Amino acid sequence: MGRFPTHRHLASWAGVCPGNRGRKAPTGIGPGHKLLRATLTEAGRSLARSQTYLGAQYRRIAHRRGGKRAAIAVAHSTLIIAYSLIRDGTTYQDLGPTYFDERDKDKVIRRCTKRIEQLGKHVTIGDAA
């Protein structure tokens with residue numbers, strides 16, 4: 001991994017780095033290593049069905065932005081994970097499929113409460129026994 005000073009250089013070379021022109025002019029992902037990008041994207045799509053952190057990331061992004069963007073985002077994350085594992089010589093520790101829910105519990109509770117109230121029911125929140 002000495003050829004790439006940072007994970008950002010590797011992502012740019014592979015062609016899975018996100019475009020960066022702001023909200024008004026989104027860009028594509030640009031040129032890169034076509035075979036590596038295709039392989040990472042396919043792996044990202046297959047992770048959509050898994051009960052892992054990357055699967056949760058795919059579903060979270062696909063809900064907001066669509067499947068193609070989510071596949072590229074997961075491909076980017078997969079490449080960054082692989083870079084870190086090879087560079088540091090460590091093992092992968094998955095954060096789990098509930099990572100995003102655990103990270104901001106209050107936001108999840110507010111969103112679910114609001115949705116139930118929109119369906120016409122009253123909700124009272126209390127701590128579990």
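Each reported figure results from applying straightforward, stated rules to the coordinates on display, with no laboratory input. Worth saying up front: this structure is predicted, and the values here are computed from it rather than measured. Neighbour counts run over all protein chains shown; Cβ positions are idealised from the backbone, glycine included.
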**Prompt:** Considering only DSSP states other than H, G, I, E and B, which trypsin sites (Lys or Arg not before Pro) in region 37-129 qualify as loop sites with at most 11 other Cβ atoms within 10 Å?
**Reply:** 121
**Request:** Per DSSP H run of at least 4 residues, take -39500 (n - 2.57); add these up for the chain, divide by its residues and hand me the 222 nm value, nearest 500 deg cm²/dmol.
**Result:** -18000 deg cm²/dmol
**Asked** What residue among 47, 36, 119 shows peak mean-square fluctuation when the chain is described by a Gaussian network model with Cα springs under 10 Å?
**Response** 119
**Message:** If I stretch the segment between residue 128 and residue 64 completely, what's the gain in nm (0.36 nm per residue apart, minus their alpha carbon distance), one decimal?
**Reply:** 20.0 nm
**Message:** For the chain, place one equal point scatterer on every Cα, skip the solvent, and apply the Debye formula. What is log10 of I(q)/I(0) at q = 0.18, 0.21 Å⁻¹?
**Reply:** -1.05, -1.27
**Prompt:** So, in nm, how far is label residue 35 from label residue 93 when the simple model puts each one 7 Å beyond its Cα toward the Cβ?
**Reply:** 3.5 nm
**Complete:** With R₀ set to 30 angstrom, the calculated FRET efficiency between the beta-carbons of residue 110 and residue 43, to the nearest 0.05, is 0.30
**Request:** Can you list which of the chymotrypsin sites (Phe, Trp or Tyr not before Pro) found in region 31-96 are DSSP loop residues with at most 13 other C-beta atoms within 10 Å?
**Result:** 92
